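Please read the structure below before turning to the comments.
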Amino acid sequence: MSGGALFQESLRMLRRLELPEESERDVLAALEAGQPGPLALFYEAGAEAGLPREMLLARGAGLFFSFCAGNLADDLIDGDCTYHESPMRVGPCVQFLLQNLAFATLAGEQACVPAPVLAEAARTLAMAAGPQALEVRAREWTAPLFRQVAEGIAGQQWAAYLRVLWAGTVLEERAAEAGRALGVAAHVVEDIRSRDTRFTSMPREDRNVVVGWARSATEALRRQDLRCLDAALRRIEPILPEVES
């Protein structure tokens, strides 16, 4: 229900734009493709940090717009954008719209994110996108390359998300460490679950290194002793295999 509240808030913000029907339909498809995604975690993490509900909804919705923009970019790269009839024509327009809507929402009065925090997060997200250029050119995956890509597109991305979500709260100082660990652990587990070639094509020794790295990230998450992260761990750990001998 908590994730559903954020999704409904995202829809309300989208409808306030009064876009052409075709444009709203295209954006809605990208939002639906991104759910449930991080919605429940955004809500739980914001609530545990003590955010007032109005602020939590605005920050969560803004971050969800950003997440969906990134998710759409990744789907376009991988050829997985099946929710648009003409992905290479429609997708870039929707991504541009979502990215701008994200920062308009987060910079708004309701979200109340300090300008320096938003600027720092935008810079972090720009840096997080950098390793994507390595991924699209990769012909052979190794543990060092996997780690470099994952630390950027997942670790730094989540560090930025929690920095924005927890700005001005008692959890603000934990955002970078918790976000990086969460992004790394979730990224590795998703690649294992989906049997992504980033993971499956590596030699066994490299896979073991990556699994060990992810286990270290889960231990870092547990040390945070936060309910929202413990809930994420319950979804992550059952998928994380033992190191192969």
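A Cβ distance below 6 Å, combined with a sequence gap of six or more or placement on separate chains, defines the contacts here; from segment 194-216, residues that are hydrophobic (A, V, I, L, M, F, W, C) reach residues that are at pLDDT below 95 and open to solvent by 70 Å² or more (accessible area, probe 1.4 Å) in the pairs Val211/Val243.
Scanning segment 109-127 turns up no residue that is open to solvent by 40 Å² or more (accessible area, probe 1.4 Å) and touching a residue at least 60 places away in the same chain (Cβ under 8 Å).
Of the candidates Glu44, Glu32, Glu48, Glu9, the single residue that is open to solvent by 50 Å² or more (accessible area, probe 1.4 Å), within 30 Å of Arg174 (Cβ to Cβ) and touching a residue at least 40 places away in the same chain (Cβ under 8 Å) is Glu44.
Restricting attention to segment 79-99, the residues that are in a helix (DSSP H, G or I) and in contact with a helix residue (DSSP H, G or I) (Cβ under 9 Å, 6 or more places away or on another chain) add up to 12.
Let's see how each residue does on (1) within 19 Å of Trp158 (Cα to Cα); (2) of a type in the set (D, E, K, R); (3) not in a helix (DSSP H, G or I):
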residue	(1), (2), (3)
Arg180	yes, yes, no
Gly183	yes, no, no
Val188	yes, no, no
Met202	no, no, yes
Glu205	no, yes, no
Val209	no, no, no
Arg235	yes, yes, no
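Looking across Ala214, Ala167, Ala176, one residue alone is open to solvent by less than 50 Å² (accessible area, probe 1.4 Å), part of a helix (DSSP H, G or I) and within 30 Å of Leu57 (Cβ to Cβ). It is Ala176. Scanning segment 147-164 for residues that are farther than 20 Å from Arg235 by Cβ, within 12 Å of the chain's Cα centre (by Cα) and open to solvent by 30 Å² or more (accessible area, probe 1.4 Å) gives a single hit, Gln156. For Arg139, the conditions (1) basic (Lys, Arg); (2) in a helix (DSSP H, G or I); (3) open to solvent by 50 Å² or more (accessible area, probe 1.4 Å) are fulfilled apart from (2).
Looking across segment 75-89, the residues that are open to solvent by 40 Å² or more (accessible area, probe 1.4 Å) and touching a residue at least 12 places away in the same chain (Cβ under 8 Å) come down to Ile77, Tyr83, Met88.
Would you say Arg15 is part of a helix (DSSP H, G or I), at pLDDT 95 or above, out of contact with any helix residue (DSSP H, G or I) (no Cβ under 8 Å at 6 or more places or on another chain) and over 23 Å from Gln157 (Cβ atoms)? Answer is no for this residue.
The values are calculated or read from the model by the stated rules, or taken from the named source; none is laboratory data. Please read all numbers here as calculations on a predicted model, not as lab measurements. Cβ: placed from backbone, ideal geometry, glycine included. Neighbour counts: every protein chain shown. Calculation scope for accessible area: heavy atoms of the full protein, side chains included, ligands and nucleic acids excluded. Shrake-Rupley method; radii C 1.70, N 1.55, O 1.52, S 1.80 Å.
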